[in-house]
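The values are calculated or read from the model by the stated rules, or taken from the named source; none is laboratory data. Remember, predicted model here, so these are calculated numbers, not experimental data. Cβ coordinates were reconstructed from backbone atoms using ideal geometry, including for glycine residues, and neighbour counts include every protein chain displayed.
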Amino acid sequence: MIMRKSRDDRTFDIVNAVLLTVVMLVILYPLFFVLIASVSDPLEVLSGNVLLMPKGLNGNGYRMVFRDPDILVGYRNTIFYTVAGTLLNLALTVLAAYPLSRKDFVGRKLFTVVLTITLFFSGGLIPTYLMMTNTLHITDTVWSMLLPGAVSVWNIIIVRTYIQTTIPAELQEAATVDGCTNMQLLCRIILPLSKPVLAVMALFYGVGHWNEFFNALVYLNSKGLYPLQLILRSILIQNQMSDNMLSDLDSLANRQVLAESIKYALIVVSSAPVIIIYPFLQKYFVKGLMVGAIKG
Amino acid sequence: MKGNFSAGEVRQNAIIYRRWRKRHNILKNWQLYLMFFPVLLYFIVFCYGPMYGIQIAFKQFSATKGIWGSPWVGTEQFTRFFNSSVCGETIWNTLSISLYTLAVCFPLPILLALLLNEVRNIHFKKAVQTITYAPHFISTVVLCGMVILFLSPTGGILNQARNAVGQPTINYMYDGKYFKTIYVLSGAWQETGFASIIYLSALAGIDPQQHEAAVIDGATRLQRIWYINLPGILPTICIMLIMQCGSLMNVGFEKVFLLTNDLNRSAAEVISTYVYKVGLQQRQYSFSTAVGLFNSVINFIILIIVNSLVKRLNQSSLF
């Protein structure tokens, strides 16, 4: 139905557009500032001359970032944890969601309750830590980064609901009549049809791994296993920069000035992959959240 | 033989059939159980397993004796917590940060969704969405790093702006009274966009005929939002509110931990960071577990209370 725009309509639209533009700018500006500060002369940044445009273009911050072995090791570790972790997550999530989506899966309700209880109750920090250390002996290993949080109940529910609402039972029945086993059903029919929700899950799990900080803080001691976030913490929060990063600068003042540049560059380098990827998957996760949360 | 079966016989046959059907389904679907098994194993080991260790909250745990060998001390760890000087401060910080966050960060995504929903231009709408979702994907460490950089007394842009208008520099990170506001406002910046997704989806499900009828009746845009859109997403709002209230005593660890320093600790220490401090840094395992258990129980009680309150007022509920 075509609605004629009354004057009230038009004023509302204008005010709305203004408000939303303000919101956009407020959200955008800190990110934009970090970007331009990372390529500007640190002295200009410190004296407040950098507001909308970079001043005194220089790539020293980035050069320092890529020269630091700790950062490079952290980057490599994070990429490994993200790829391996996300594959594990996806596999486990689908392996749990598909049986739960089948009406003829005896025990479905019981299993769902068992899983949902873990959303509300957990052992707590210390009991989990004790179990990881004393019983499983996986502290300070790669497994301590990959195994805790290997599946999320929310994501299982989202995928299960997606399968239930998108893949018709008749299709599965027809395949069974043709002699398809359950495994084949999963691999040949369910998985190809679930690509959108799997893409969303890959994004959510992947971002979770990329930004993972707590598990590393608690379970890792060897610097060689540290993910990027832990290195970020020591540089951004605790102000500890490795000596070889600033070794070729003599005066303390010079070091402090360059430290700011390094921090801005580091923020850009560590956040860029995620920020660049998510817009491509935006329409998928909007839909995925809707299906999962409202109908699940 | 066409049946003259009695009602009792029919019911018995149905029960026998159902039992047979169950067994048939279990045997037929053995592969499904195989698929589900690894995940079940994961939850048993990593979620239910540690629950066994909760008992050390009632013991005096010693590493050499292990969980089994450590002596029982009843509620001694709990009384120790309640009598300690930091107990009141920690609980107050946790509660006030939660309530402050609820008051500020709960309505904002709803408002954003309501406004975005009214935009006709698809490109503008998509641009706003893409930009407002960005902060959600930034890690907590990076967010805190940005906060510290921006609030820095030497060269941070906030203080530079203050100086430009003649105001003196404030060292925000080292003054306890700013901590909670910093926490809440940075949280709003980070999560408002992403949190609005669920409300936008709910708004998409509102019957457009209601709007058409309202327009015919001469309603303004604001009236339509107030009388149609808001009530339309009320169930979603309620469920989200229940979930937020359920984690009232559950202020997350990472952001508080990263923004805390020695000077603002009294305003910043919350239960989760306290549990970490006494547990992993000071190695008082039993004490830390007791505090954590107290926290979980309180959370659960609050969740039940809020859920039943909302159930009384509405139809929506979590359970």
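Please find, among A:104, A:41, the residue that is farther than 30 Å from residue A:192 by Cα and out of contact with any Phe, Trp or Tyr (no Cβ under 8 Å at 6 or more places or on another chain).
One residue alone meets the criteria, A:41.
Can you confirm whether residue B:92 is surrounded by fewer than 12 Cβ atoms within 10 Å (Cβ to Cβ) and away from chain A (no Cβ under 14 Å)?
No; evaluated as a whole, the condition is false for this residue.
Within segment B:62-77, which residues are among the hydrophobic types (A, V, I, L, M, F, W, C), surrounded by fewer than 17 Cβ atoms within 10 Å (Cβ to Cβ) and within 14 Å of chain A (Cβ to nearest Cβ)?
Matches in segment B:62-77: B:63, B:68.
State whether one or more residues within segment A:17-28 are part of a helix (DSSP H, G or I) and within 20 Å of the chain's Cα centre (by Cα). Break it down stepwise before answering.
Keep residues of segment A:17-28 that are part of a helix (DSSP H, G or I), which gives A:17-28.
Okay, now just the ones that are also within 20 Å of the chain's Cα centre (by Cα), so A:27-28.
Yes, segment A:17-28 has at least one match.
Among the residues of segment B:196-207, is any β-branched (Val, Ile, Thr), out of contact with any Phe, Trp or Tyr (no Cβ under 6 Å at 6 or more places or on another chain), more than 7 Å from chain A (Cβ to nearest Cβ) and assigned to a helix (DSSP H, G or I)?
No, because not a single residue in segment B:196-207 is β-branched (Val, Ile, Thr), out of contact with any Phe, Trp or Tyr (no Cβ under 6 Å at 6 or more places or on another chain), more than 7 Å from chain A (Cβ to nearest Cβ) and assigned to a helix (DSSP H, G or I).
Quick one: how many residues across segment A:120-138 are surrounded by fewer than 18 Cβ atoms within 10 Å (Cβ to Cβ) and over 12 Å from residue B:46 (Cβ atoms)?
5
If only one of B:175, B:217 is more than 9 Å from chain A (Cβ to nearest Cβ) and over 30 Å from residue B:153 (Cα atoms), which one is it?
That would be B:217, the only listed residue that is more than 9 Å from chain A (Cβ to nearest Cβ) and over 30 Å from residue B:153 (Cα atoms).
Determine if segment B:282-305 includes at least one residue that is under 18 Å from the mean Cα position of the chain (by Cα) and more than 13 Å from every other protein chain (Cβ to nearest Cβ).
Yes: segment B:282-305 contains one or more residues that are under 18 Å from the mean Cα position of the chain (by Cα) and more than 13 Å from every other protein chain (Cβ to nearest Cβ).
Considering A:258, A:193, A:236, which residue is touching a residue at least 24 places away in the same chain (Cβ under 8 Å) and under 22 Å from the mean Cα position of the chain (by Cα)?
Of the residues listed, the single one that is touching a residue at least 24 places away in the same chain (Cβ under 8 Å) and under 22 Å from the mean Cα position of the chain (by Cα) is A:236.
Restricting the search to segment A:14-52, which residues are more than 9 Å from every other protein chain (Cβ to nearest Cβ) and over 19 Å from residue B:186 (Cα atoms)?
A:14, A:15, A:18, A:36, A:38, A:39, A:40, A:41, A:43, A:44, A:49, A:52
When the residues of segment A:177-199 are narrowed to those that are away from chain B (no Cβ under 14 Å) and not in a helix (DSSP H, G or I), which ends up surrounded by the fewest Cβ atoms within 10 Å (Cβ to Cβ)?
In this case the residue turns out to be A:178.
Just one of the numbered conditions (1) touching a residue at least 40 places away in the same chain (Cβ under 8 Å); (2) at the interface with chain B (Cβ under 7 Å from one of its Cβ atoms) is not true of residue A:132; which one?
(2)
Every residue in segment A:139-156 that is farther than 13 Å from residue B:43 by Cβ and either facing chain B (nearest Cβ under 8 Å) or surrounded by fewer than 22 Cβ atoms within 10 Å (Cβ to Cβ) (or both), please.
Of everything in segment A:139-156, those that are farther than 13 Å from residue B:43 by Cβ and either facing chain B (nearest Cβ under 8 Å) or surrounded by fewer than 22 Cβ atoms within 10 Å (Cβ to Cβ) (or both) turn out to be A:139, A:140, A:141, A:142, A:143, A:144, A:146, A:154.
Taking the condition of being touching a helix residue (DSSP H, G or I) at 6+ places or on another chain (Cβ under 6 Å), facing chain A (nearest Cβ under 8 Å) and either closer than 30 Å to residue A:286 by Cα or at pLDDT below 90 (or both), how many residues in segment B:147-172 meet it?
2
For residues in segment B:244-299 being touching a residue at least 40 places away in the same chain (Cβ under 8 Å) and among the aromatic types (Phe, Trp, Tyr), which is surrounded by the most Cβ atoms within 10 Å (Cβ to Cβ)?
Among those that are touching a residue at least 40 places away in the same chain (Cβ under 8 Å) and among the aromatic types (Phe, Trp, Tyr), it is B:285.
Only one of these conditions is not met by residue B:59: (1) touching a strand residue (DSSP E or B) at 6+ places or on another chain (Cβ under 6 Å); (2) within 11 Å of another protein chain (Cβ to nearest Cβ). Which number is it?
Exception for residue B:59: condition (2).
Just need a number here: residues in segment B:152-195 that are part of a helix (DSSP H, G or I) and of a type in the set (Gly, Ala, Ser).
Qualifying residue count for the region: 8.
Find the residue count for segment B:135-144, including only residues that are within 7 Å of chain A (Cβ to nearest Cβ) and either touching a residue at least 40 places away in the same chain (Cβ under 8 Å) or part of a loop (DSSP other than H, G, I, E, B) (or both).
Residues that pass the stated criteria total 6.
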